[in-house]
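Let me begin by presenting the structure, written as structure tokens, before commenting on it.
The values are calculated or read from the model by the stated rules, or taken from the named source; none is laboratory data. Computed from a prediction, not measured in an experiment: that's the story for all the values here. Heads up, the Cβs are rebuilt from the backbone with ideal geometry, glycines too, and the neighbour counts pull from every protein chain shown. Areas reflect the complete protein model, heavy atoms only, side chains present, ligands, DNA and RNA absent. Shrake-Rupley method; radii C 1.70, N 1.55, O 1.52, S 1.80 Å.
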Amino acid sequence: MHPELSSKREWALLLVLAGIQFSHVLDFMIMMPLGPQLIEAFQISDSQFGLLVSAYTFAAGLSGLLASTYVDRFERKALLSVLYGLFALATFSCAFAPGFGVLMVARVAAGLFGGVLSAMTQTIVGDVIPFARRGKAMGVVMTAFSVSSVMGVPVSLWVAAHTSWHAPFVGVGVLSVALLLVAQYALPRMGQHLVQDDRLTTTELMTQVLGDTNHWRGFALSFFMIFAGFSIIPYITLYMQTNAGLSTDQIPLVYLCGGAATLFTANILGKLTDRWGKVPTFTAVTLLSIVPMTLVTNVAGAPLPVILLVTTGFFIFVSGRRIPAMALLASVTKPNLRGTFITLNTSIQSAGMGLGALVGGMLISRNSEGLLTGYWMCSVMALGTNLLTIWMARRLKVRD
């Protein structure tokens, strides 16, 4: 365990980690609402766009597998800085991609480096923040998803609408460089895991992590939790525009309302996670998430206020599941295995995103009028996988 920081230093660390999360989450999220513009700009099909989304997540999954062999071999701050700098470079490459092929390569590169950042931030929280406050800390870091929805996505869409789709990626790249500089001063050195008496070789680390059935339960929980959400999420914008009749100017309202709500509920859920317990909170939020996940795929024809109510509920509870889940998963392994476990777990989550997007894309199609059909089947599939994650969470053992 890293020596406990003062309250001021702890908050500074959490805010920087939240900023890093914000930038790489935004880099991933802006791809989905930019779908219609990218499809028109590159003259690609819906399935090719789905491949662009999946390419990032599959690359992130691969990088997680590779990173699991070295993440516990280096000091946390130095490794985070290198990976974040390469991520910024890849994002700039996305901004200036001249065609679909180059953009695909750039998205793969962004996924290779960005995919490890989430694991690094979670690992640092697990290393530095005591178990009793870890739920609240995860809530602070997870507000990155909310802020990216409240500010990042709507602003990116507005900028893209008034300039071009290139601009949001330039903005993310510039922000990443600025945060990288701030991190050099705000983050302490974190190498406590390198000086433990029971320091293990890479082979021993992998053997211990992969040989523990409790870890595999955690991997399965992560995979199905993410799979459920991402069988629906990548196609929300397309569905809202084609089936629900929302205009291009109304789409940012979906992200603005949903993100604004989760900006408050993320911290509340983090505190409830510490007060009620990780598993009970995860169970309650997951059960509640089933309702908006079902409604969001069947909301065509409803007035705008009803649509926004449904999508806001979707944001609150679908993203809210991750707060107790991540606090729980950061606590199911030994401290000297945490980096390897969380990095592998992030890789599993990336696989869940990619497969969820692919399977969701296979279930939906377009009719003769150009409307999406079969989207409701994604919510049925999500219902089953959500119930499965509740069962898995109850079987996990906390070892922190």
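One table, with the values for the structure above:
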| quantity | calculated |
| --- | --- |
| In degrees, nearest ten, helix 153-162 long axis to first principal axis of the chain (Cα) | 50 |
| Rounded, prolate or oblate (a/c below 1.5 giving rounded, otherwise prolate when a/b exceeds b/c) for the stretch 304-400 by Cα gyration tensor | prolate |
| Cα long-axis angle, helix 278-295 against the chain (0 to 90 degrees, to the nearest 10) | 10 |
| Prolate/oblate/rounded call for the stretch 1-98, Cα gyration tensor, a/c under 1.5 rounded | prolate |
| Length released on extending from VAL105 to SER81, taking residue separation times 0.36 nm less the Cα-Cα span | 6.4 nm |
| Dipole in debye (nearest 20) - the chain, about Cα centre, beta carbon charges: Lys, Arg +1; Asp, Glu -1 | 980 |
| Leading residue at positive end of dipole, the chain (Cβ point charges), from LEU65, LEU52, PHE42 | LEU65 |
| Average accessible area per residue (Å²) across the stretch 266-400 - probe 1.4 Å, nucleic acids and ligands excluded | 39 |
| Square roots of 5 times each gyration tensor eigenvalue, C-alpha, the stretch 197-248, largest first, Å | 43, 12, 6 |
| Residue among SER350, GLY313, CYS257 farthest towards the positive dipole end of the stretch 244-392, charges placed on Cβ | SER350 |
| Sorted peptide list for 359-365, 102-108, 303-309, criterion being average Cβ within 10 angstrom, highest first | 102-108, 359-365, 303-309 |
| Mean projected area in nm² (Cα convex hull; one quarter of hull surface) for the stretch 47-156 | 8.1 |
| FRET efficiency for ARG73 and THR207, using Cβ-Cβ distance with R0 set to 22 Å, rounded to 0.05 | 0.90 |
| Gyration tensor verdict on the stretch 200-354 (Cα atoms; rounded if a/c is under 1.5, prolate if a/b is larger than b/c, oblate otherwise) | prolate |
| Highest-first arrangement of 384-392, 284-292, 7-15, where packing means the average Cβ count within 10 Å | 284-292, 384-392, 7-15 |
| Summed residue charge, Cβ within 13 Å of THR213's Cβ, Lys/Arg positive, Asp/Glu negative | +3 |
| Efficiency of FRET between GLN250 and ASN367 - r from beta-carbon atoms, R0 25 angstrom, step 0.05 | 0.65 |
| Links that overshoot a 23 Å alpha carbon limit, given the list LYS77/LYS397; LYS8/LYS397; LYS334/LYS397; LYS77/LYS334; LYS278/LYS397; LYS278/LYS334 | LYS77/LYS397; LYS8/LYS397 |
| Rounded tilt (10° steps) of 76-95 against the dominant C-alpha axis of the chain | 20 |
| Ordering of 207-216, 346-355, 81-90 by burial proxy (mean other Cβ atoms within 10 Å per residue, highest first) | 346-355, 81-90, 207-216 |
| Of all accessible heavy-atom area on the stretch 34-95, the percent that carbon and sulfur account for (1.4 Å) | 71 |
| Carbon and sulfur %, accessible surface of the stretch 159-303 computed with the full protein complex present, 1.4 Å | 67 |
| Spacing of the two label points (7 Å from each Cα toward its C-beta) at ARG275 and ALA302, in nm | 2.9 |
